[in-house]
Amino acid sequence: MGFENDSKPVPKRRRQASDFVYPYFEVSAGVQRAKSDYKTESYSHWYHDVDREEMIYDEDLYYDVYSFEGHGPFFNSRVGALVFRRLAVFFDIGFIRSAGNSSYKYYSRDKEEFKENGNVVRFFWGGGVKVFPFVNVSSIFDGLFVGTALSFMDVDNSWKEYEMTYTDYEFGLRIETGNLWKIYKHFFLGITLNAALYWNAAETENEYKIAQFRVGESPNRAPAGGINSLQFGAALSVVHR
């Protein structure tokens, strides 16, 4: 008497997006060092020397000179998606609160300089990516990551008190590296080293819609020096991935 095999092959499950795309959440808190410098190059490089009663040419003549340097707490949060557990794509938002010193000078040759001590709060937001290159390759480097983000930062505009008309935001690039260690299921704890470079632009037009030198008004060009704000620091990060 024969027996028939009633077992049927189990159909192979079709892959879904949820099999390789996972939700990604991150919260970081730490300390950050911040430095900013702004100055606008003179159009003509000529100035009137009161003591000598003559016009003098100065190649290094600038006006609307502002600088800040300080340090303080740093916080940011991210939400996005993790693809193949190797690439995180996220939206980033956070703030930096720096205690430090600000200085203002109308012209680079001015003897009079205004200095202030205080706190500066700067909010930033943007989007970026983080790469985990050694997932399931080496247990030693399993949590290593590198990342970058395009970012906008809301800038403290206290320079307007001194009739300096730089814009109230900057755009830039944030970069980071660090390592994560698994603490529970999909939760990780890590250390992040980060740095950020930001650029600021002058107002595009002055009151008279022409590019001319006027006291207390920025011209039609960006501040000199390229990078206007620099930040670097370290943070503890909690990640769900």
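The values are calculated or read from the model by the stated rules, or taken from the named source; none is laboratory data. Small disclaimer: the values here were computed from a predicted structure and weren't measured. Heads up, the Cβs are rebuilt from the backbone with ideal geometry, glycines too, and the neighbour counts pull from every protein chain shown. Protein only, heavy atoms only, side chains kept; ligands, DNA and RNA dropped before computing areas. Shrake-Rupley method; radii C 1.70, N 1.55, O 1.52, S 1.80 Å.
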Inset, instruction - Look through the range 110-141, keep the residues that are of a type in the set (Lys, Arg) and surrounded by 15 or more Cβ atoms within 10 Å (Cβ to Cβ), and return whichever of them is modelled with the highest pLDDT. - result: Lys130
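Quick check on the range 32-69: of everything there that is among the hydrophobic types (A, V, I, L, M, F, W, C) and part of a strand (DSSP E or B), which residue is most open to solvent (accessible area, probe 1.4 Å)? Don't jump to the end; show me each part of the working.
At the first step, the residues of the range 32-69 found to be among the hydrophobic types (A, V, I, L, M, F, W, C) are 34, 46, 50, 55-56, 61, 65, 68.
Now narrow it down to the ones that are part of a strand (DSSP E or B): 34, 46, 55-56, 65, 68.
Details: Ala34: 5, Trp46: 126, Met55: 105, Ile56: 29, Val65: 39, Phe68: 6 Å².
Restricting to residues being among the hydrophobic types (A, V, I, L, M, F, W, C) and part of a strand (DSSP E or B), the top hit is Trp46.
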Inset, instruction - State whether one or more residues within the range 81-91 are over 17 Å from the mean Cα position of the chain (by Cα), at pLDDT 90 or above, assigned to a strand (DSSP E or B) and of a type in the set (Val, Ile, Thr). - result: yes
Inset, instruction - May I ask you to verify whether Ser28 is among the polar types (S, T, N, Q) and open to solvent by 40 Å² or more (accessible area, probe 1.4 Å)? - result: no
Inset, instruction - Might you let me know whether the range 165-173 holds any residue that is closer than 14 Å to Ser237 by Cβ and open to solvent by 60 Å² or more (accessible area, probe 1.4 Å)? - result: no
Inset, instruction - Please state which of the following conditions Ala99 fails to meet, knowing it meets all the rest: (1) among the aliphatic types (A, V, I, L, M); (2) in contact with a strand residue (DSSP E or B) (Cβ under 8 Å, 6 or more places away or on another chain); (3) over 28 Å from Phe123 (Cβ atoms); (4) open to solvent by 30 Å² or more (accessible area, probe 1.4 Å). - result: (3)
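Filter the range 37-72 down to residues that are under 29 Å from Gly118 (Cα atoms), among the hydrophobic types (A, V, I, L, M, F, W, C) and more than 23 Å from the chain's Cα centre (by Cα), then give me how many there are. Before the answer, list the steps.
Of all residues in the range 37-72, those under 29 Å from Gly118 (Cα atoms) come to 37-41, 61-72.
Applying the additional criterion that residues be among the hydrophobic types (A, V, I, L, M, F, W, C) yields 61, 65, 68.
If we keep only those that are more than 23 Å from the chain's Cα centre (by Cα) as well, we get 61.
So the count comes out to 1.
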Legend entry - Identity of the residue in the range 185-201, over 18 Å from Leu82 (Cα atoms) and surrounded by fewer than 21 Cβ atoms within 10 Å (Cβ to Cβ), that ends up nearest to the chain's Cα centre (by Cα): Leu197
